[in-house]
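Data block below; observations after.
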Amino acid sequence: ILINVPGDYSTIQGAIDAATDSDTVLVQPGTYTENINFNGKSILIISSGGSDVTIIDGNQSGSVVTFTSGEDENSRLEGFTLTNGSGNSATEGGGIYCTGSSPSIVHCQIIGNSVTTSGGGIYLSGSSPKIDRCTISGNTSAASSGGLRLDNSSSPVMTQCVVTGNDAQYGGGMSIY
């Protein structure tokens, strides 16, 4: 089933909540001020116009995108800018917070997110996502890992990604624990 945003649902999260496994959520260009959670669903969330014109703004209200329910490669986010996230409880994963999950993240720009602890752009714990053709830039952390933080045996497969211009007390680009 194809679910259109904003045609069928005004928010991306509303479309996710209505979707079932194997559905596609097609998002039209625009800025969507919200924080989304895949909630364990094997769905494709794709922008129709690409990351330059389709933005999810976290409004400093937590992680922009959350994967914490065992999502696998069939949970796919494609073609978005993820910005202005503040992380899970304002501490980890401003752009993406991913624990115990291994989704696919393709053609995304994770930019301008900030946290107090680690993983301004992306925080991974016990996760092995596929991150393909993404830019992780301009994210900050007051402590560690401005761009990415990999914890608890996380092993992402990153292909043709750019990690640049991130800032932290240590591990500006990436920290691996």
Checklist outcome for this item: Out of (1) part of a strand (DSSP E or B); (2) modelled with pLDDT under 95, the one Ala90 does not meet is (1)
Next on the checklist: I'd like to know if the stretch 48-66 contains one or more residues that are open to solvent by less than 10 Å² (accessible area, probe 1.4 Å), assigned to a strand (DSSP E or B) and out of contact with any helix residue (DSSP H, G or I) (no Cβ under 9 Å at 6 or more places or on another chain).
Outcome noted: yes
Checklist entry - Hey, does the stretch 7-22 have a residue that's in contact with a helix residue (DSSP H, G or I) (Cβ under 9 Å, 6 or more places away or on another chain), within 18 Å of Ile105 (Cβ to Cβ) and part of a loop (DSSP other than H, G, I, E, B)? => result no
Checklist entry - Given the structure, is Leu77 under 17 Å from Val157 (Cβ atoms) and out of contact with any Lys or Arg (no Cβ under 6 Å at 6 or more places or on another chain)? => result yes
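Which of the following residues is of a type in the set (S, T, N, Q), modelled with pLDDT of 95 or more and surrounded by fewer than 21 Cβ atoms within 10 Å (Cβ to Cβ): Thr99, Thr83?
Values: Thr83 fails: surrounded by fewer than 21 Cβ atoms within 10 Å (Cβ to Cβ).
None of the other options fit; the residue is Thr99.
Within the stretch 103-113, track down each residue that is crowded, with 20+ Cβ neighbours inside 10 Å, in a loop (DSSP other than H, G, I, E, B) and under 12 Å from the mean Cα position of the chain (by Cα).
Result: Pro103, Cys108, Asn113.
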Item to check | Close pairs (9 angstrom Cβ cut-off, 6 or more residues apart or separate chains): farther than 20 Å from Gly79 by Cβ in the stretch 98-109, open to solvent by less than 10 Å² (accessible area, probe 1.4 Å) anywhere | outcome: Thr99/Phe67; Thr99/Gly93; Thr99/Leu124; Thr99/Ser127; Gly100/Phe67; Gly100/Glu71; Gly100/Ser127
Checklist entry - Do the conditions hold for Val5, that is, is it crowded, with 23+ Cβ neighbours inside 10 Å and over 21 Å from Lys130 (Cβ atoms)? => result yes
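Output the residue which, of all residues in the stretch 144-173 that are aliphatic (A, V, I, L, M) and either buried (at least 20 other Cβ atoms within 10 Å of the Cβ) or under 16 Å from Gly85 (Cα atoms) (or both), is nearest to the chain's Cα centre (by Cα). Show your work before the answer.
Going residue by residue through the stretch 144-173, those that are aliphatic (A, V, I, L, M) are 148, 150, 157-158, 162-163, 168.
Now drop any that are not either buried (at least 20 other Cβ atoms within 10 Å of the Cβ) or under 16 Å from Gly85 (Cα atoms) (or both), which leaves 148, 150, 163, 168.
Details: Leu148: 11, Leu150: 14, Val163: 14, Ala168: 19 Å.
The residue in question is Leu148.
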Next on the checklist: Looking only at the stretch 18-27, count every residue that is closer than 12 Å to Ile45 by Cβ and without any contact (Cβ under 8 Å) to a residue 40 or more places away in the chain and tell me the total.
Outcome noted: 5
Checklist entry - Among all residue pairs at least 6 apart or on different chains, which show Cβ distances below 9 Å where the first residue, located in the stretch 40-53, is on the phi > 0 side of the Ramachandran plot and the second is not in a loop (DSSP other than H, G, I, E, B)? => result Gly40/Phe67
Checklist entry - Hey, any hits in the stretch 119-134 for a residue that's open to solvent by less than 50 Å² (accessible area, probe 1.4 Å) and in contact with a Lys or Arg (Cβ under 6 Å, 6 or more places away or on another chain)? => result yes
Checklist entry - Among the residues of the stretch 114-136, which ones are in a loop (DSSP other than H, G, I, E, B) and not polar (S, T, N, Q)? => result Gly119, Gly120, Gly121, Gly126, Pro129, Arg133, Cys134
Item to check | Condition check for Tyr32: without any contact (Cβ under 8 Å) to a residue 12 or more places away in the chain and within 19 Å of Arg76 (Cβ to Cβ) | outcome: no
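The values are calculated or read from the model by the stated rules, or taken from the named source; none is laboratory data. A quick note: this is a predicted structure, and the numbers were derived from the prediction, not measured. Quick reminder, even Gly has a Cβ in these numbers, built from the backbone with ideal geometry, and neighbours come from all protein chains shown. The accessibility values were calculated without ligands, DNA or RNA, using every heavy atom of the protein model including side chains. Shrake-Rupley method; radii C 1.70, N 1.55, O 1.52, S 1.80 Å.
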